[in-house]
Amino acid sequence: MSDDVVDPVERMLKNTGCIELHYKVQECIAETGDWRRCQDAVKEFKLCMQDYTAQQRAKYGDK
């Protein structure tokens, strides 16, 4: 795979401003091997995504 190819999910997450929190969740899971032990990171990421969604709804209208 070329270094120029950008994963569409990663591109979307960068646009939300939540990519670093996504990485934090991934790192926690890699370190612990158990997503259940990463609930603080998961909650942070979820709140970031909820804020982004709310901003988009306010910007474009909730249809």
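The values are calculated or read from the model by the stated rules, or taken from the named source; none is laboratory data. Note that the structure is predicted; figures quoted are calculated from it, not measured. Note: ideal-geometry Cβ built from the backbone for every residue, glycine included; neighbour counts use all protein chains shown. Keep in mind that these areas ignore ligands, DNA and RNA; they rest on the heavy atoms of the full protein, side chains included. Shrake-Rupley method; radii C 1.70, N 1.55, O 1.52, S 1.80 Å.
Any idea of Glu31's accessible area? Nearest 10 Å², probe 1.4 Å.
Taking all protein chains as shown, Glu31 has close to 150 Å².
Considering the convex hull of the alpha carbon atoms of the chain, report its projected area averaged over all viewing directions, in nm², one decimal.
5.8 nm²
Give me the dipole magnitude in Debye, nearest 20, for the chain about the Cα centre, with unit charges on the beta carbon: positive for Lys and Arg, negative for Asp and Glu.
It comes to approximately 440 debye.
Summing +1 for each Lys or Arg and -1 for each Asp or Glu, what net charge is found among the other residues whose Cβ lies under 12 Å from the Cβ of Tyr52?
Result for the local shell: +3.
Taking all protein chains in place and a 1.4 Å probe, what share, in percent, of the accessible surface of the chain do carbon and sulfur account for?
The value for the chain is 51 percent carbon and sulfur by accessible area.
Residue farthest toward the positive end of the dipole of region 1-62, with Cβ of Lys/Arg at +1 and Asp/Glu at -1: which of Val5, Gln55, Cys18?
Toward the positive end, the furthest listed residue is Gln55.
Quote the relative contact order of the chain in percent (integer), defining contacts as alpha-carbon pairs under 8 Å separated by 6+ residues.
Answer for the chain is 30 percent.
So what is the 222 nm mean residue ellipticity for the chain from helices alone, if each DSSP H run of at least 4 adds -39500 (n - 2.57) and you divide by all residues, rounding to the nearest 500 deg cm²/dmol?
Rounded to the nearest 500, it is -23500 deg cm²/dmol.
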